[in-house]
Amino acid sequence: QVQLVESGGGLVQPGGSLRLSCAASGRTFSGYAMGWFRQAPGKEREFVAVISGSGSFTNYADSVKGRFTISRDNAKNTVYLQMNRLKPEDTAVYYCNGDPDFSQVYRGRADYWGQGTQVTVSS
């Protein structure tokens with residue numbers, strides 16, 4: 001069983017930055033691909049970014065490419081999402097997910113999900 005706990009959300013002005021963290025329990029963290037999804041009010045949950053277990057491979061949604069960076073520290077069992085040049089349309093609840101299967105994470109079918117953290121971009 002893996003438990004995921006997100007943190008780092010909050011209110012930020014357009015153009016600002018936030019770093020989200022997702023802390024994972026368990027001793028096999030490096031064997032899990034990890035991802036970030038988000039869900040805005042009235043919209044479906046959407047893919048944001050994914051990272052392989054080793055951290056050597058990443059992929060991003062077109063809407064965040066060049067602004068967001070996913071990374072991980074396997075020694076700390078933590079995955080991060082650095083969000084720069086934030087826009088009002090980035091406002092959403094952000095969820096991290098994890099699964100040994102990279103494709104399951106990317107497709108939003110991971111076995112494990114966090115409870116979410118709210119990000120609000122507004123002046």
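The values are calculated or read from the model by the stated rules, or taken from the named source; none is laboratory data. Since the structure is predicted, the reported quantities are computational estimates derived from the model, not experimental observations. Virtual Cβ from ideal backbone geometry, glycine too; neighbours counted across all protein chains shown. Side chains are part of the model used for accessible areas, which takes the heavy atoms of the whole protein and leaves out ligands, DNA and RNA. Shrake-Rupley method; radii C 1.70, N 1.55, O 1.52, S 1.80 Å.
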**Q.** The one condition in (1) open to solvent by less than 20 Å² (accessible area, probe 1.4 Å); (2) over 19 Å from G10 (Cα atoms) that Y60 fails to fulfil
**A.** (1)
Q: Scan (1) surrounded by fewer than 18 Cβ atoms within 10 Å (Cβ to Cβ); (2) over 14 Å from V2 (Cα atoms) for the single condition L81 breaks and write down its number.
A: (1)
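Just for region 73-84: of the residues that are of a type in the set (S, T, N, Q) and in a loop (DSSP other than H, G, I, E, B), which one is farthest from V121 (Cα to Cα)?
Filtering region 73-84 down to residues of a type in the set (S, T, N, Q) leaves 74, 77-78, 82, 84.
Next, from what is left, pick out any that are in a loop (DSSP other than H, G, I, E, B): 74, 77, 84.
On the way: N74: 30, N77: 28, N84: 11 Å.
Per the criteria, the residue is N74.
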Q: Filter region 85-114 for residues that are of a type in the set (S, T, N, Q) and out of contact with any strand residue (DSSP E or B) (no Cβ under 7 Å at 6 or more places or on another chain) and give the result.
A: S103, Q104
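Give the residues of region 1-28 that are outside any strand (DSSP E or B) and surrounded by fewer than 16 Cβ atoms within 10 Å (Cβ to Cβ), sorted by residue number.
At the first step, the residues of region 1-28 found to be outside any strand (DSSP E or B) are 1-3, 8-9, 13-17, 25-28.
Scanning region 1-28 gives Q1, Q3, Q13, P14, G15, G16, S17, S25, G26, R27, T28.
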(Q) Please go through region 1-23 and give me each residue that is of a type in the set (A, V, I, L, M) and at pLDDT 95 or above, ordered by number. (A) L4, V5, L11, V12, L18, L20, A23
Q: Pairs only if they're at least six apart or on different chains, beta carbon under 7 angstrom, first in region 99-113 and under 15 Å from F29 (Cβ atoms), second open to solvent by 80 Å² or more (accessible area, probe 1.4 Å); list them, first residue then second.
A: D99/D111
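Looking for something modelled with pLDDT of 95 or more, under 15 Å from T120 (Cβ atoms) and not in a strand (DSSP E or B) - is there at least one such residue anywhere in region 33-41? So that I can check it myself, show each step before the final result.
First, the residues of region 33-41 that are modelled with pLDDT of 95 or more: 33-40.
Then keep just the ones that are under 15 Å from T120 (Cβ atoms); that gives 38-40.
Okay, now just the ones that are also not in a strand (DSSP E or B), so 40.
Yes, there is a match, as at least one residue in region 33-41 is modelled with pLDDT of 95 or more, under 15 Å from T120 (Cβ atoms) and not in a strand (DSSP E or B).
Limited to region 47-72, what total is found for residues that are assigned to a strand (DSSP E or B) and in contact with a Lys or Arg (Cβ under 6 Å, 6 or more places away or on another chain)? Steps first, answer last, please.
Initially, region 47-72 is screened for residues assigned to a strand (DSSP E or B), giving 47-51, 58-60, 68-72.
Within this subset, residues satisfying the condition of being in contact with a Lys or Arg (Cβ under 6 Å, 6 or more places away or on another chain) are 48, 51.
Matching residues across region 47-72 total 2.
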